[in-house]
Amino acid sequence: MSETRRIQATDEDMTDAVREAVAALRAGEVVGLPTETVYGLAADALNPEAVAKVFSTKDRPAFDPLIVHIGSRPDLDSVAVVPEEIAPVVAKLADAFWPGPLSIILPRHPDVPDLVTSGLPTVAVRQSAHPVFRAINKALGRPIAAPSANRFGRISPTSAAAVIEELGGRIPLVVDGGACNRGLESTIIAIEPREGKKPVFHLHRAGPVTKEELQKFGKVERVRRREANEPEMPQAPGQLDAHYAPATPLRLLEKPEDFTPEPGRRYGLLSYRGDESSRYLGLCEWAAVEALSPGSGKLAEAAIRLFFAMRALDAADVDEIIAEPVSETGLGVAIMDRLRRASCGSMAGR
């Protein structure tokens, strides 16, 4: 494929950007598009040939299902069949979090290709809040399948430049809508109704919509992580243990006293605050340090900067990245989920 084109989607260029993206999607191509979470590799979700390009472009295994994005609430009926017993809570969740970073697993509509759901009877659905993605989704008039626009298992891209770095030459077009303002992939839940009680939300992936926010509508239970000897067959997108990994080995260091630097080895530190409050800064002479929330220690800022900081350290010519933990409250649950999987992915690839 020829060089990937990058087009701007500013207020002045929005009409042209939407027109070009929609034309490519209608032609069965895959396109890099911005969402509020990360950049997605978009394809017409009802076109099996286009969806197949998503998997081949990303080198994504066919057993890992995709999330489907709808342009408006009424479009939900075109991709899912909402059971009567959970329809009221689906409506409440949509009122509260759509458009936004919540994906809901529902029985799939027969028109959704098997490849999208990896043969599962369910499909994960959300409505993006990003104005560029929404404009393209609505203009296309069809649902869009859009996993993160990176090679499988690698760091998710939060800018158009990161998409080019990952997939340049593999896709025809990237629409540049600026940096993503959430920085972490959507929260994914499945709903279990309970007669006379609030439903149970099975949390398949932690994300920007937190457990605390979901608890207003139902009971939240984390899905049990797969054991090492269990078959690796995800029941929802984003379930693989080894994921979000840089090319440089990354180690999540739960306690600073567990670290003994090896002579001659260059280390990079992924720090939370990056200041004197960190017990990790004095562990060695770091070759590079990236802070998730410089000085302030705000989880929302840390979530936005996580993948950017991981990419910066990946390019810093270090032998290993050491990541310090954050508090597992609110958004910290999702951040730690990504760090643990990045660490697992680093070990799995070596």
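Some notes on this structure:
- Scoring 148-157, 84-93 by mean Cβ neighbours within 10 Å over their residues and listing the highest first yields 148-157, 84-93.
- Extension gain from R6 to A287, taking 0.36 nm per residue of separation minus the Cα-Cα distance: 97.9 nm
- Count Lys and Arg as plus one, Asp and Glu as minus one, and take only other residues whose Cβ is under 11 Å from that of D13; the net charge is then -4.
- Mean projected area (nm²) of the alpha-carbon convex hull when region 137-287 is viewed from all directions: 14.8 nm²
- Fully extending the segment from A315 to R265 would add 16.4 nm, taking 0.36 nm per residue of separation and subtracting the current Cα-Cα distance.
- Inter-site label distance for S296 and D111 at 7 Å from Cα along Cβ, in nm: 4.4 nm
- Distant-in-sequence amide contacts of I322, defined by a placed amide H-H separation under 5 Å and a gap of 5 or more residues or a different chain, comprise R251, G268, L269, L270.
- Gained length - R26 relative to S327, 0.36 nm times residue gap less alpha-carbon distance: 103.9 nm
- By average C-beta atoms within 10 angstrom, highest first, the peptides 16-28, 97-109: 97-109, 16-28
- Averaged over residues, the count of other Cβ atoms within 10 Å places the peptides 263-270, 282-289 in the sequence 263-270, 282-289, highest first.
- Rounded tilt (10° steps) of 14-26 against the dominant C-alpha axis of the chain: 70 degrees
- Based on C-alpha pairs under 8 angstrom that are at least 6 apart in sequence, the chain has a relative contact order of 19 percent.
- Kirkwood hydrodynamic radius of the chain, Cα pairs, Å: 20.6 Å
Values quoted throughout were computed directly from the atomic coordinates according to the rules given, and no laboratory measurement underlies them. What you are looking at is a predicted structure, and each value in this text was computed from that prediction instead of being measured. Because the Cβ atoms are built from the backbone with ideal geometry, glycine has one as well, and the counts that use them run over all protein chains shown.
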